[in-house]
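Worksheet for the structure shown next.
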Amino acid sequence: MNNSVSNTARLLGAALRALLVLTLVTGVIYPLVVTGVAQALFHDKANGSEVKADGKVVGSSLIGQSYNLPLKKGRQTPDPDLKWFQGRPVNGLGSNSVNTRYKLLLSGATNLSADSKVLIQQVRTAKAAVVKDNSVPGYTVKASEVPADAVTSSGSGLDPDISPQYAQIQVRRVAEKNGLPVTQVEKLVKDHTEGRTLGFIGEPRVNVLELNIALKDLLAQH
């Protein structure tokens, strides 16, 4: 009987010591080491890839933002503020009962099939809006020129980037709305166009938040 109690106590003691050691290693030391390495080598990414303007954090380079006018009374959705470059549609978020445009409660896609009548109508409506909004005197956007990312949402609904083609379509409208030369706005887009990661992963892209911050800085100089 005494041996049984002694063995049980010894096993419980060994288990308790193992628990304390593993808690210290996996719950304290390992997280501190990983955090330290991340802060030392990947400080920007470890802190959310924050984007700053005028000394303040205005967003993340990983999360899209909306650029809309104040919501009018009686309207369900706001109109886009056309003096700024616009990002991708976020239909997956907009149709969600919990989340609304770019609020980070959750992310998601529309989950509509390619032959969905709802999706087809969304694309048609978005394409017509892109053509209408970006056609200015002396420059008319053709429906065939509108890229896919201008009329479809991403898988997460939070994509911060657009294609160079979609950015280029918006150049003349942004220039006109802000009273800027087209060449200056084109240069902004070119300067903020990133190539494929490592030269072969993904597609060329333009971060809309960073582009609009550069646009704001350009306007401040005029």
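The values are calculated or read from the model by the stated rules, or taken from the named source; none is laboratory data. Just so you know, these numbers come straight off a predicted model, no measurement behind them. When we count neighbours, we look across all protein chains shown, and the Cβ atoms used for this are built from the backbone with ideal geometry, even at glycine.
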- When you look at LEU218, is it modelled with pLDDT of 95 or more and either in contact with a helix residue (DSSP H, G or I) (Cβ under 9 Å, 6 or more places away or on another chain) or not aromatic (Phe, Trp, Tyr) (or both), yes or no? no
- Among residues of segment 135-156 being more than 22 Å from the chain's Cα centre (by Cα) and surrounded by 14 or more Cβ atoms within 10 Å (Cβ to Cβ), the residue nearest to ALA175 (Cα to Cα) is VAL136
- Query: Just checking, which of TYR67, TYR102 is within 22 Å of ALA214 (Cβ to Cβ), in the same structural domain as ILE169 (by TED's automatic domain parsing), at pLDDT below 80 and within 14 Å of the chain's Cα centre (by Cα)?
  - Reply: TYR102
- Task: Report those helices (runs of 4 or more DSSP H) wholly inside segment 117-222 carrying at least 2 residues which are touching a residue at least 40 places away in the same chain (Cβ under 8 Å).
- Result: 164-178, 208-220
